[in-house]
Every structure is written in C-alpha cells, then in structure tokens.
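All remarks here apply to the structure that follows.
The values are calculated or read from the model by the stated rules, or taken from the named source; none is laboratory data. Note that the structure is a prediction, hence the values are computed from the model and not measured. Here the Cβ positions follow ideal geometry from the backbone for every residue, glycine too, while neighbour counts run over all protein chains shown. Accessible surface areas use protein heavy atoms only, side chains included; no ligands, DNA or RNA. Shrake-Rupley method; radii C 1.70, N 1.55, O 1.52, S 1.80 Å.
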Amino acid sequence: DNDEPAGSLSGAFTIEEGLTFILEANNSLINSLASLMKIAEIKLNKNIPVNECDVSVVVNEVIAQMQSAIFEKKASISLSLEVKTINYPKAYLESILYNFISNALKYNKPGVPPEINVSTRLLGDKVQLSVKDNGLGIDMDRYGDRMFKMNQVFHAGHDSKGFGLYLTKTQVE
C-alpha cells in the first residue's frame, strides 16, 4: 500500500515483526516435528535395551539439566526411594523424569516455590515411580479423559505443545 510508511505491512505489524512471527512459527513447527519423530521412533523400536538404573543418579542428572529453572523458581526437590534401582531403559527413565519435573516447574502456583517429591515403592511385584508437586494440578473431572493424549494442553498461558505426557505414556508402554 503506497499510503503506508516504508517497513510496515498494511499497518498490522512491521516487516521485522512479521519475520519474527515467521521465525517463531518455524521453530515451533520444527520442535513439534522433532517430538513426533521421537514418538514414532519409540513406537517402532520394540527392542530398546533395559538398564539397571540408580534412580537417585538419574534424578540428579535431570536436576543438573534444569538447574537454572530450579534456582530461578526457588524449587526444592526431595527423594523418597524405597526402591533404589529399577530395571528400565535409562534414556526413557530420564525423559519421563525430565517431563514430570519440568512440568512441576512450569506449572507452579504463582508466588509459591515448587516442592517436588520423587518417590519409588514396591507395589506387589511392580515398582511404582511417583512424582508429586504442589503446583496447579490438572482438573481430572474436566480433563481426565484427555490425559496422556497427544496435543492436549490443560493450562493456558504456558509454552506447551501437548506432547510431554503423551511421550511419557508412549515410553512407559
């Protein structure tokens, strides 16, 4: 439009802003594609090796990856490990713990430092791994039937794509 100043696009936003939008959309699509490829790889790979995993070591590796967010949010992470080691693919265990701990950090109550507890216990002949926190939670009456499904987001205003819980479910299965 000749009536518009140079460097703008019909007054909606500047060319620089438009390019930023395109770059952000591109990065989001690339991340979504990478997540989908990871899920497909997991579903196709039925012979992933099982490792003897020291749960506290794996949790500490995950904590090291998120140290800045933990510090920024003043989060505390505690362990209650009745079962110290589990036989599970280490890469999956690390990913599962990363998803749950990062969700606890992302979805904390405003102004309330996250308190996260990772625990294990023997339930019959199975090991139960639990990650509990004092965050926003998920309204199970409203969203319970959508839990662990792809592209499901339960809290607006967060940078979420709806892949984390689905990915975790796929790794468990």
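Is it true that Leu93 is assigned to a helix (DSSP H, G or I), within 12 Å of Val58 (Cβ to Cβ) and in contact with a Cys (Cβ under 7 Å, 6 or more places away or on another chain)?
yes
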Notebook entry, point to check: Quick check: anything in region 57-64 part of a loop (DSSP other than H, G, I, E, B), modelled with pLDDT of 90 or more and open to solvent by less than 40 Å² (accessible area, probe 1.4 Å)?
Noted result: no
Note to self: Any residue that is open to solvent by 80 Å² or more (accessible area, probe 1.4 Å), modelled with pLDDT under 85, under 18 Å from the mean Cα position of the chain (by Cα) and under 23 Å from Val172 (Cβ atoms) - is there at least one of those in region 94-105?
What the structure shows: no
Check: Can you name every residue in region 76-86 that is touching an Asp or Glu at 6+ places or on another chain (Cβ under 6 Å) and either farther than 25 Å from Gly135 by Cα or assigned to a helix (DSSP H, G or I) (or both)?
Finding: Thr85
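Please tell me if Glu52 is open to solvent by 60 Å² or more (accessible area, probe 1.4 Å) and at pLDDT 90 or above. It would help to see each step written out before you state the result.
On the way: open to solvent by 60 Å² or more (accessible area, probe 1.4 Å): yes; at pLDDT 90 or above: yes.
It is true that Glu52 is open to solvent by 60 Å² or more (accessible area, probe 1.4 Å) and at pLDDT 90 or above.
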Check: Quick one: in region 66-75, which of the residues that are assigned to a helix (DSSP H, G or I) and surrounded by 14 or more Cβ atoms within 10 Å (Cβ to Cβ) is farthest from the chain's Cα centre (by Cα)?
Finding: Lys73
Notebook entry, point to check: Does Ser78 count as open to solvent by less than 90 Å² (accessible area, probe 1.4 Å), in contact with a Ser or Thr (Cβ under 9 Å, 6 or more places away or on another chain) and either among the small types (Gly, Ala, Ser) or modelled with pLDDT under 70 (or both)?
Noted result: yes
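Going by the structure shown, is Ile42 at pLDDT below 85 and crowded, with 16+ Cβ neighbours inside 10 Å?
Working: at pLDDT below 85: yes; crowded, with 16+ Cβ neighbours inside 10 Å: yes.
Considered against the rule, which asks whether it is at pLDDT below 85 and crowded, with 16+ Cβ neighbours inside 10 Å, Ile42 comes out as yes.
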Next item on the list: Identify all residues within region 67-82 that are touching a residue at least 12 places away in the same chain (Cβ under 8 Å), out of contact with any helix residue (DSSP H, G or I) (no Cβ under 7 Å at 6 or more places or on another chain) and of a type outside the set (Ser, Thr, Tyr); write none if there are none.
Entry: Lys74, Glu82
